[in-house]
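What follows is a single structure, written as structure tokens, with notes after it.
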Amino acid sequence: MSIIIGNKYKILEKIGSGSFGTIYKGENIRNKEHVAIKVEPIHPEMKLLKNEATVYQYLKGIKGIPNVKWFGKEETCYYMVIQLLGDSLEVIKQRKGRFSLRLTLQIGIQILEILSGIHERGLVHRDIKPDNFLLGMQESTIYLIDFGFCKTYIKNGDREHILMKSNKQLVGSPNYASINSHNLLELSRRDDLESVGYMLCYFYFGELEWGNDTGLDIKKKKQMFLLNINKNKNKEKVPEIILVYFEYVYSLAFEETPDYSLLISLCKDAIE
């Protein structure tokens, strides 16, 4: 017997799972539209899916943010019905191998545009990685998902930036987390952008120097990579635009507003 959610959406098949829930492909029984349905067991101390649905609704209208169609709970689970998307950039990367510089920068431009919109509304994503960027089903638009680590960087009615402090653990995915995250420091807008830089390197080179490492070795290799950029030692193998990108992002202060338009313009100039 098929499960019907919200008297409107039918669960069809499982398409993914994570530590906090399961994702199914579903169908709107009224118009036959395919959707994604994220399911989380109801637990008094865990409302991650409810929080994520709230974030999606708050970010509604930003290009590259999926559309939430319904959220609610039935019996033992929370359900979030969301726009069905295609493959992630990680899946595409594994299928195609390394990307050209042109394609890498085209992807980078879309991601910067999404982050600009999110940051403008006072949030940082804090888990930027290829698995969290998906293509639309019938288009080349990139969408950002998974706001489980998302956090506001402003307080007191949007008038004041949060303060730098220590975190108890690394936030995000080790391969793409910023140096600040490895140092267990509070994250801000600059850290999302640093993670984007590591993604661009991954797409262009096909791998990261620290891709098979763990723990402290990842942090050390990232620090050496950024140190070499500052000393211009990477110029032979790293495209100029990526060098300039990292130089700019790594110069940003904790509370500083990044110049997204500048970074996008630099990418567009490099493509041309």
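Only the coordinates and a few stated rules stand behind these numbers; no lab work does. The shown structure was predicted, so the numbers you read here are calculated from the model rather than taken from an experiment. For neighbour counting, all protein chains shown are included, and Cβ atoms are generated from backbone atoms with ideal geometry for every residue, glycine included.
Data for the structure
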{"item": "Sum of -39500 (n - 2.57) over DSSP H runs of 4+, divided by residues of the chain (222 nm, nearest 500)", "result": "-11000 deg cm²/dmol"}
{"item": "Reciprocal of mean inverse Cα separation for region 4-83 (Kirkwood radius, Å)", "result": "12.9"}
{"item": "Square roots of five times the Cα gyration tensor eigenvalues for region 58-190, Å", "result": "25, 22, 16"}
{"item": "Cα pair distances of region 209-272 binned at 5 Å [whole percent]", "result": "3, 15, 21, 19, 21, 14, 5, 1"}
{"item": "Within-15-Å neighbourhood charge of Arg98 [Cβ basis; K, R +1; D, E -1]", "result": "+2"}
{"item": "Sum of side-chain charges, Gly21 neighbourhood, beta-carbon under 14 Å (Lys, Arg +1; Asp, Glu -1)", "result": "+2"}
{"item": "Reachable aspartates and glutamates from Lys168, criterion Cα separation under 14 angstrom, eight or more residues apart if same chain", "result": "Glu186"}
{"item": "Alpha-carbon centroids, region 1-74 and region 83-111: separation in whole Å", "result": "24"}
{"item": "Axial C-alpha extent at least 20 Å, average Kyte-Doolittle at least 1.0 - helices from the chain (DSSP)", "result": "none"}
{"item": "Loop sites in region 12-112: trypsin sites (Lys or Arg not before Pro), DSSP, at most 12 other Cβ within 10 Å", "result": "Arg30, Lys32, Lys60, Lys63"}
{"item": "Footprinting exposure proxy for Asp213, Asp192, Asp269 (fewest neighbouring C-beta atoms within 10 Å first)", "result": "Asp269, Asp213, Asp192"}
{"item": "Distance violations [Cα-Cα > 22 Å] among Lys8/Lys38; Lys93/Lys237; Lys38/Lys60; Lys155/Lys220", "result": "Lys155/Lys220"}
{"item": "Cα gyration tensor of region 89-271 - equivalent ellipsoid semi-axes, whole Å, descending", "result": "23, 20, 17"}
{"item": "Rg(Cα) / (2.2 N^0.38 Å) computed for region 160-201, rounded to two decimals", "result": "1.14"}
{"item": "Neighbour cut-off at most 14 other Cβ (10 Å), DSSP loop, trypsin sites (Lys or Arg not before Pro), region 162-201", "result": "Lys165, Lys168"}
